[in-house]
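Chemist: Please read through the structure below; I'll follow up with questions.
No value in this document is a laboratory result; all are computed from the given coordinates. Bear in mind the structure is a predicted one, so any value in this text is a computation, not a measurement. Ideal geometry is used to build each Cβ from the backbone, glycine not excepted, and the neighbour counts take in all protein chains shown.
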Amino acid sequence: MPTLVLHAGAGGETRPERQAAIRDELQRIGDACWPMLTAGASAVDVVVEATRLLEDVPIFNAGLGSKLQADGVARLSAALMCGDTERFGGIVGLEGYANPILLCRPLLDADDRVLMGDGAAAWAREVGLPERSPVTEERLQQWRAREAGRTGTVGAVALDIAGRVAAAISTGGRGHERVGRVSDSPTVAGNFASRAAAAGMTGIGEQIVDGGLAVRLVAAVDAGMSLEEAADRVMGRILEREWEVGFIAVDHTGAWVARASTWMGWRAYDARGVYCTG
Ligand code: GLY
């Protein structure tokens, strides 16, 4: 029973027209990726493709349209984890490229699997990723006006027909952050998978790291808890601490969750149907 869940970030987007645009993009991208999964593509390939397509949507804070850091530079981060091999690959603070998730796929087979800054850019040249500025006029204007913007990280989790799960994530960060800040996304707090489950987080990175949330959720499923129970436990922690965080997760049985303490655009596909954020 394959399953696919994707999201376009927590962060409390309240404008109805922007929420509608987010839902439309998630539908377009989900509808393109779901047939790949049902045709037998691997969970890793599908979450990478979904995240690449999400990175290409300029209204999302990832890839093209990433928020800018304090010095006006976009530094992108992304991560991919394959539950079957339990391998994690991550890119931190990449400049001059708009699809960091495409660098994570070959990292799963590399010796050095989390690369930052100049090392990440060297990896991009090595794998032949075309240079492309991720900076849009809207983000430049927001940066000049010191607006934070409300849209967040993007990502996807999937279960393929061979029973393997994977999680992918991509972000432009918080916006206006200190140069050198690392978000939760390219860490195991933000994106994690085992043979049993895969989870991706979105929201305030410092809170996600403080909670070790993706690892905590997946480890609970590894220990025998149902995905629903594990999600309740993580959500309880988020609400108790009044954190601004959301997450998506899937397990090896095809169960999935999409939860958030703010409005979060998400869309899910399973054998029974298609579901989306209200
Ligand atoms: N969750 C993305 C960030 O805090 O940068």
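Chemist: So how do 81, 225 line up by other beta-carbon neighbours within 10 Å, fewest first?
Modeler: 225, 81
Chemist: Right, next: May I ask you to compute the full-extension gain from residue 253 to residue 178, defined as 0.36 nm times their residue separation minus their alpha-carbon distance, rounded to one decimal in nm?
Modeler: Taking 0.36 nm per residue and subtracting the Cα distance, the gain is 22.9 nm.
Chemist: Which of the listed residues, 167, 107, 245, is farthest toward the dipole's positive end in the chain, when Lys, Arg count +1 and Asp, Glu count -1 at the beta-carbon?
Modeler: Highest projection toward the positive end goes to 245.
Chemist: Let me ask something else about it. Full-extension gain between residue 210 and residue 146, please, as 0.36 nm times their residue separation minus the C-alpha to C-alpha distance.
Modeler: 20.4 nm
Chemist: Evaluate the distance, in nm, between pseudo-label points positioned 7 Å from the Cα of residue 112 and of residue 133 along their respective Cα→Cβ axes.
Modeler: 2.9
Chemist: Once you keep just the Cα pairs under 8 angstrom separated by 6 or more residues, what percentage relative contact order results for the chain?
Modeler: The value is 27 percent.
Chemist: Separate question: Over the range 140-225, what is the mean sequence separation of C-alpha contacts under 8 Å (at least six apart), divided by residue count, expressed as relative contact order in percent?
Modeler: 25
Chemist: Given the DSSP H assignment, sum -39500 (n - 2.57) over each helix run of at least 4 residues in the chain and divide by its residue total; what's the result at 222 nm in deg cm²/dmol, nearest 500?
Modeler: For the chain, the value works out to -10500 deg cm²/dmol.
Chemist: Computed over the Cα atoms of the range 75-128, what is the ratio Rg over Rh, Rh following Kirkwood?
Modeler: 0.94
Chemist: For the range 88-118 and the range 44-63, what is the separation of their C-alpha centers, rounded to whole Å?
Modeler: Here the two parts' Cα centres lie 14 Å apart.
Chemist: Bins of 5 Å, beginning at zero and ending with the bin holding the largest distance: percent of Cα pairs per bin for the range 148-278, please.
Modeler: Pairs per bin, as whole percents: 2, 12, 22, 25, 20, 11, 5, 2, 0, 0.
Chemist: Between residue 83 and residues 5 or more places away or on another chain, which pairs have amide H atoms under 5 Å apart, with H built 1.01 Å from N, and which residues are they?
Modeler: Distant-sequence amide H within range of residue 83: 165, 166, 167.
Chemist: Here's another thing I want to ask about it. What size of dipole, in debye to the nearest 20, comes out for the chain about its Cα centre when the only charges are +1 on Lys and Arg C-beta atoms and -1 on Asp and Glu C-beta atoms?
Modeler: My answer is approximately 400 debye.
Chemist: How much length is gained on full extension from residue 229 to residue 31, taking 0.36 nm per residue of separation minus their Cα-Cα distance?
Modeler: Contour length minus the Cα-Cα distance gives 68.4 nm.
Chemist: Related question: So if I place +1 on the C-beta of Lys and Arg and -1 on the C-beta of Asp and Glu, and nothing else carries charge, what would the dipole magnitude of the range 58-167 be about its Cα centre? I want it in debye, nearest 20.
Modeler: The dipole of the range 58-167 has a size of about 380 debye.
Chemist: Let me ask something else. Give me the Å³ per residue figure for the convex hull around the C-alpha atoms of the range 55-177.
Modeler: It is 99 Å³ per residue.
Chemist: For residue 80, what charge total do you get from the other residues with a beta carbon under 14 Å from its beta carbon, if Lys and Arg give +1 and Asp and Glu give -1?
Modeler: Net charge in that neighbourhood comes out at -1.
Chemist: Dividing the convex hull volume of the alpha carbon atoms of the chain by its residue count, what do you get in Å³ per residue?
Modeler: 112
Chemist: Now a separate question. Can you give the percent of C-alpha pairs in the range 1-101 whose distance is more than 21 Å?
Modeler: 40
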